[in-house]
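The values are calculated or read from the model by the stated rules, or taken from the named source; none is laboratory data. Computed from a predicted model, the values in this text were never measured in an experiment. All Cβ positions, glycine included, derive from the backbone under ideal geometry; neighbour counts span all protein chains shown. The accessibility values were calculated without ligands, DNA or RNA, using every heavy atom of the protein model including side chains. Shrake-Rupley method; radii C 1.70, N 1.55, O 1.52, S 1.80 Å.
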Amino acid sequence: MSRFRKLSHTIWHCQYHIVWVPKYRYRVLTGAIKEACEASIHAICGFSSREVVELNVQPEHVHLIVMVPPKFAISTLMGRLKGQSSMRIFRQFRHLRKQVYWGNHFWSKGYCVDTVGLDADMIRKYVRYQEKKEQLMEQLQLID
């Protein structure tokens, strides 16, 4: 089985490592809240055709590795993940909303995203090799 996925005109393998934190980095992602957060992330990603590769919910941050087709923006996915999971968590754990510091926001504003892929050195070597291969082919054509 290939690691690549297919769309009508695209072959792709786009994995992203995303990290985000609760507001004020409070250590609230434990026990039932952690389980609800994990369930929300899996449900939201599954509903929107994104594949969760790895998920690790720590007490004060979330690590997610997700496969996202190239036609979708990461910012859209993050808006949906943070918005919908926040609503689900507040609905399920009403005591969190009553604390002054939460307001209507469970998650901090930002997030960190990085691509997960082939090793950069491996890609550089591949590109160099392709250039050398093209030069060799050009030289062979000149000889003919």
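Here segment 61-78 is the region considered, the condition is being under 20 Å from Arg25 (Cβ atoms) and not β-branched (Val, Ile, Thr), and the residue that is surrounded by the most Cβ atoms within 10 Å (Cβ to Cβ) is Leu64.
Conditions (1) hydroxyl-bearing (Ser, Thr, Tyr); (2) closer than 21 Å to Lys109 by Cβ; (3) over 12 Å from the mean Cα position of the chain (by Cα), marked per residue:
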{"site": "Ala43", "(1), (2), (3)": "no, no, yes"}
{"site": "Gly46", "(1), (2), (3)": "no, no, yes"}
{"site": "Gln58", "(1), (2), (3)": "no, yes, yes"}
{"site": "Val66", "(1), (2), (3)": "no, yes, no"}
{"site": "Pro69", "(1), (2), (3)": "no, no, no"}
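Residues that are under 30 Å from Cys14 (Cβ atoms) and hydrophobic (A, V, I, L, M, F, W, C) were ranked within segment 116-144; the one that is modelled with the highest pLDDT is Val116. Selection over segment 44-58 of residues that are surrounded by 13 or more Cβ atoms within 10 Å (Cβ to Cβ) and either under 23 Å from Trp12 (Cα atoms) or in contact with a Pro (Cβ under 9 Å, 6 or more places away or on another chain) (or both) gives a count of 8. Return the residue satisfying two criteria in turn: it lies in segment 6-28 and is within 21 Å of Gln84 (Cβ to Cβ) and within 19 Å of the chain's Cα centre (by Cα), and of such residues it is surrounded by the most Cβ atoms within 10 Å (Cβ to Cβ). Here the residue is Pro22.
Among the numbered conditions (1) assigned to a helix (DSSP H, G or I); (2) over 23 Å from Gln15 (Cα atoms); (3) open to solvent by 10 Å² or more (accessible area, probe 1.4 Å), the only one that Asn104 does not meet is (1). Considering segment 29-41 alone, what residues qualify as being surrounded by fewer than 17 Cβ atoms within 10 Å (Cβ to Cβ), of a type outside the set (Gly, Ala, Ser) and part of a helix (DSSP H, G or I)? Across segment 29-41, the qualifying residues are Lys34, Glu35.
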